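Rule-based calculations on the coordinates, nothing more; no lab input. Since we're looking at a predicted model, the values are computed, not measured. Neighbour counts run over all protein chains shown; Cβ positions are idealised from the backbone, glycine included.
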Amino acid sequence: MTTIAQACADVLRESDPLTKVRRARAVARAWRRGTLAHEFDTAMPDAPGRPARPELLPPNRMPKRGRGGSEKGRIALLHALAHIEFAAIDLAFDAAGRFGAQFPRTFVDDWISVGADEAMHFAVLHRRLRTLGSGYGELPAHAGLWEAAEETAHDAMARLAVVPMVLEARGLDVTPETVARFKAGGDEASARILHRIYTDEIRHVGFGAKWFGYLAAGQDIDPAEQWRMLVRRHFRGVVKPPLNDSARATAGLTRDFYAPLADMEPEQAQAERL
Ligand SMILES: [Fe+2]
Ligand SMILES: [Fe+2]
């Protein structure tokens, strides 16, 4: 019987985007049917498979995107989001395969279902780009989305603190404004897709908060304080407004976690990390 760790590693190693999507969905189906063993006999690869295109550029070399008013701007924005969803497939399967042994079986259930969502998000955005005459790979994309995974590869608690509870939570903060921008540009179809993704992402942040809380309870430590310590140590950005307090709270990520970080001036947050 194939193990869940082998299946996750196979998804990670796949470099062709649509094959990765198919593989991700097949693993999620097999896991739900119980045809994968709950065993962690395989190490996750250090870096996931990536296609030859898009060209990956450091953030400071990315072309300016504008505000998404023109069709060209909207395509650039959808492409950037597709790239984030593509990386999110790997992040979910890496979480399940790398850290699953430290948790009850339901941890794998949760992150495999997240991986299936991310594959669907990517596929829908790619299809939308195709309809608009583009497609994933046609524009350059951000290098460095795997950095957070590398930075936290050794520590499940740090991974949960940074990936779902900072990066995916950031998506909740900015998406309502992006949906409004697509609507204002007359692109209802893209707006609907982004709204659907938004509701799924609330669930993903919720899984992060839930499993972070599970680890904190096991160690008898204050979860909010521990979270801030890990974020300062492992996340190089700042937690800054706008903050979608209601969506964050729905996911179980309450203000007592992040308000003390968000209230700091960037320089002060920087100083605390040194
Ligand atoms: Fe997603
Ligand atoms: Fe997500």
Review point. So which of Val174, Val163 ends up being surrounded by fewer than 14 Cβ atoms within 10 Å (Cβ to Cβ), within 16 Å of ligand 2 (Cβ to nearest atom), closer than 18 Å to Ala82 by Cα and not charged (D, E, K, R)?
Key: Val174
Review point. Just for the stretch 86-104: of the residues that are within 16 Å of ligand 1 (Cβ to nearest atom) and aliphatic (A, V, I, L, M), which one is surrounded by the most Cβ atoms within 10 Å (Cβ to Cβ)?
Key: Ala95
Check your understanding: Out of (1) farther than 30 Å from Thr175 by Cα; (2) crowded, with 21+ Cβ neighbours inside 10 Å; (3) touching a strand residue (DSSP E or B) at 6+ places or on another chain (Cβ under 6 Å), the odd one out for His83 is which?
Key -> (1)
Practice item. Kindly indicate whether any position in the stretch 155-172 is in a helix (DSSP H, G or I), more than 13 Å from ligand 1 (Cβ to nearest atom), closer than 13 Å to Leu125 by Cβ and aliphatic (A, V, I, L, M). Key: no
Study note, to complete from the structure: The one condition Phe107 fails out of (1) within 15 Å of ligand 1 (Cβ to nearest atom); (2) farther than 19 Å from Arg181 by Cα is (1)
